[in-house]
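Structure record follows, encoded as structure tokens.
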Amino acid sequence: MVREPSADRSWRGSGPAPDERRGGRITVSSLGGGRSASGVQDPGRSIRAKRWSSRIGPDLRLAAAPGEDLQAALRSRQLWGELAAEAGFRCAATGSMHLAYADDEWQVLTEFAGRSELSSLRMLTPEEVLAQQPCIVPGGLRGALFSPHEANVDPGMAVAALLGWLRQHGADVRVGRAVVGVESGRARLADGAAVLADRVVVCAGDDFASLLPGAFLASGLVRCRLQMMALGPQPEGFVLGPMLAAGLTLLHYEGFGACASLPTLRERLGRECAPLLARGIHVMVSQGDDGRLIVGDSHDYTPPFAPGLDESTESLIRDYLATYLLPPEAGVVKRWSGTYAKCGDGASIFRSQPLPGVEVVTGVGGSGMTRSLAIGEQTVAAWP
């Protein structure tokens with residue numbers, strides 16, 4: 001248990017007096033794109049403060065690599081359900097369908113299902129797929145791989161609910177208090193104040209680059225920029241059901257990489273979808289709490305990134321979506337981009353202690369919501 005620290009009134013420096021918190025933990029995280037400091041106290045249970053951002057999209061994806069990453073995804077899925085019930089936000093157990101429109105796609109999905117640690121995966125016939133979602137394009141459909149494990153969480157709704165839940169459990173959460181520097185046991189704020197604690201955890205994604213630039217350069221992490229959009233709103237009563245993806249997604253996620261049939265698919269898609277692959281595009285769609293369809297995304301690993309949104313990238317994403325889904329309303333009502341940090345050496349997470357009492361946890365790539373809660377739990381459990 002971490003006790004409520006006392007404030008130090010002895011500040012004699014220039015600028016506003018620091019709001020010093022002793023004996024606790026500081027989590028430097030990113031809420032909606034801005035770094036915030038949270039002094040976390042724990043009244044009887046571990047509170048895991050991690051990073052959420054609306055740019056991630058609302059779906060929790062379970063296309064994780066086998067072993068520890070898969071177990072982290074499953075544990076996070078359990079924790080999302082528990083937190084949704086406690087904090088009062090929606091966590092819809094929609095599942096997912098990976099659609100196949102060619103024999104090589106069907107072969108990869110069949111092989112994946114046969115070797116997966118998850119016994120609950122099912123191969124669906126075209127008739128079973130269309131019974132779940134009539135807006136799926138029927139022409140050429142070979143079937144789909146269905147997983148019951150995925151859930152939809154709207155990040156904006158979840159963050160708002162979790163901030164209140166954390167405060168109810170004794171956490172001192174500061175929103176809009178930008179962190180501009182991290183030192184041993186201290187987070188410096190933009191207004192000149194400081195927050196002190198025994199331990200500082202930096203889990204603000206690629207904001208790590210500005211907080212600890214030297215450590216970031218030595219980390220081998222790479223930055224990725226993605227582009228997404230929302231379609232709709234859909235007619236009242238329209239329910240997408242499972243999150244949907246198709247052939248390009250099989251090239252993107254590590255979980256499919258061990259399939260012996262994947263190189264054949266990669267060679268074909270390399271010929272047929274070269275413009276999409278050049279921009280790191282694979283297309284997934286899920287439904288948000290407001291009924292809109294969240295569609296994405298592209299992946300650019302070559303900073304500095306150009307400002308604004310690229311219309312041709314958006315067109316490629318929409319055109320590929322139309323090969324497997326024709327929703328009632330396909331107009332774009334919102335579009336956005338964002339960045340995240342990914343390990344450059346193929347690892348699935350980056351952990352470092354660049355300073356005494358300072359821990360960096362980042363580099364999870366595009367699977368932040370998929371694995372973050374379990375990673376937070378593991379991080380806290382490892383503390384002495």
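The values are calculated or read from the model by the stated rules, or taken from the named source; none is laboratory data. Quantities reported herein were computed from a predicted structural model and do not represent experimental measurements. Here the Cβ positions follow ideal geometry from the backbone for every residue, glycine too, while neighbour counts run over all protein chains shown.
Tabulated data for the structure shown
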read-out	value
Some residue of the range 189-212 being under 19 Å from the mean Cα position of the chain (by Cα), of a type outside the set (S, T, N, Q) and surrounded by fewer than 20 Cβ atoms within 10 Å (Cβ to Cβ)	yes
Among residues of the range 151-172, those that are in a strand (DSSP E or B) and under 15 Å from the mean Cα position of the chain (by Cα), counted	3
Any hit, the range 322-335, residues being part of a helix (DSSP H, G or I), in contact with a Leu (Cβ under 6 Å, 6 or more places away or on another chain) and at pLDDT 95 or above	no
Segments classed as helices (runs of 4 or more DSSP H), wholly inside the range 238-304, with at least 2 members that are under 19 Å from the mean Cα position of the chain (by Cα) and within 25 Å of Cys343 (Cβ to Cβ)	247-252
All positions within the range 305-321 that are surrounded by fewer than 15 Cβ atoms within 10 Å (Cβ to Cβ), part of a helix (DSSP H, G or I) and not polar (S, T, N, Q)	Glu311, Asp319
Filter pass, Arg177 being at pLDDT below 95, outside any strand (DSSP E or B), of a type in the set (D, E, K, R) and more than 30 Å from Val283 (Cβ to Cβ)	yes
Residues of the range 252-269 that turn out to be in contact with a Cys (Cβ under 9 Å, 6 or more places away or on another chain) and modelled with pLDDT under 95, as a count	0
Some residue of the range 327-343 being touching a residue at least 24 places away in the same chain (Cβ under 8 Å), of a type outside the set (Ser, Thr, Tyr) and closer than 30 Å to Gly114 by Cα	yes
Checklist (1) in contact (Cβ under 8 Å) with a residue 12 or more places away in the chain; (2) surrounded by fewer than 17 Cβ atoms within 10 Å (Cβ to Cβ); (3) assigned by TED's automatic domain parsing to the domain that holds Ala246 applied to Gly81, failing item	(3)
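Yes/no matrix, rows are residues, columns are (1) more than 20 Å from Gly366 (Cβ to Cβ); (2) acidic (Asp, Glu); (3) outside the structural domain of Ile136 (by TED's automatic domain parsing):
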{"residue": "Val195", "(1), (2), (3)": "yes, no, yes"}
{"residue": "Leu212", "(1), (2), (3)": "yes, no, yes"}
{"residue": "Ala230", "(1), (2), (3)": "no, no, no"}
{"residue": "Pro242", "(1), (2), (3)": "no, no, no"}
{"residue": "Glu254", "(1), (2), (3)": "no, yes, no"}
{"residue": "Glu272", "(1), (2), (3)": "yes, yes, no"}
